[in-house]
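The block underneath contains the structure these notes are about, expressed in structure tokens.
The values are calculated or read from the model by the stated rules, or taken from the named source; none is laboratory data. Please read these numbers as outputs of a predicted model, since none were measured by experiment. Quick reminder, even Gly has a Cβ in these numbers, built from the backbone with ideal geometry, and neighbours come from all protein chains shown. Remember, those area values only see protein heavy atoms, side chains included, never the ligands or the DNA or RNA. Shrake-Rupley method; radii C 1.70, N 1.55, O 1.52, S 1.80 Å.
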Amino acid sequence: MTTGAQTPRSPARPPRSRLRTFLPLGAAAWLVLEIWLLIVVAGATSGFLVFLLLVAGVVLGSMVIKAAGRRAFRNLTETLNQQQSAMRAGVPPEARPNSEGNGLMMLGGLLLILPGLISDVLGLLMLLPPVQKGVSRYAQRTVERKLRDAGPGTLGDAFRQARMQHPDGKVVQGEVIRDDPDDTPQDPRPPLTR
């Protein structure tokens, strides 16, 4: 039974992004394609060979992730040691180029660990240095474009402000003092209540 009264409408929602629309569909299509390809390869060869391929992918992916993690830790340790020695000598530390490829190597290892032949091929491609450089450049350009297009008050604006470089490198120490009558001083630690 209706009374003729209009139901209240919810405020207009912003349209869904294409990523939120197509990502679940793409993941489902990828999953179906992986399963279909495993069935086709198992039918053409044997199920045991497919099982060995999947186990080999897990072992190789684990080794790649472990190696990339060790390399990243070694680079971090070397950078910290160089900065400490430069600080002791009283000279400013030199900017070291980033060790590119560790994150992409870990991504390649993760793709190798995931069960499926397409993910294994993509994981092996991610281990190739030219592919890593291309993906890295594309990701960097995309992030810089998104930060450039971000409006004020957004997370991108905060990143842009954090990335601002001051020409003289000076830091001005200061303190914020508020004269609002509502602000009552708070104890630094709240009382423990049970």
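Brief remarks on what is shown
Listed here are the residues, each with its yes/no results for (1) among the hydrophobic types (A, V, I, L, M, F, W, C); (2) touching a helix residue (DSSP H, G or I) at 6+ places or on another chain (Cβ under 9 Å); (3) open to solvent by 80 Å² or more (accessible area, probe 1.4 Å).
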| residue | (1), (2), (3) |
| --- | --- |
| 57 | no, yes, no |
| 60 | yes, yes, no |
| 70 | no, no, yes |
| 113 | yes, yes, no |
| 130 | no, no, yes |
| 134 | no, no, no |
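- Checked against the criterion of being open to solvent by 90 Å² or more (accessible area, probe 1.4 Å), within 25 Å of the chain's Cα centre (by Cα) and modelled with pLDDT of 90 or more, the candidates 19, 31 yield just one match: 31.
- Residue match in the range 82-89 (condition: under 23 Å from residue 133 (Cα atoms) and modelled with pLDDT under 90): no
- Every test in (1) modelled with pLDDT of 90 or more; (2) open to solvent by 30 Å² or more (accessible area, probe 1.4 Å) is passed by residue 119 save one, and that test is (2).
- Any hit, the range 141-150, residues being surrounded by fewer than 10 Cβ atoms within 10 Å (Cβ to Cβ) and either more than 26 Å from residue 34 (Cα to Cα) or at pLDDT below 70 (or both): yes
- Every pair of residues 6+ apart whose Cβ atoms lie under 6 Å, when the first sits in the range 108-129 and is assigned to a helix (DSSP H, G or I) while the second is among the acidic types (Asp, Glu) and at pLDDT 90 or above: 112/120; 118/34
- Among the residues making up the range 34-55, those that are open to solvent by 60 Å² or more (accessible area, probe 1.4 Å) and under 14 Å from residue 116 (Cα atoms) are 35, 36, 39, 40, 49, 51, 52, 53, 55.
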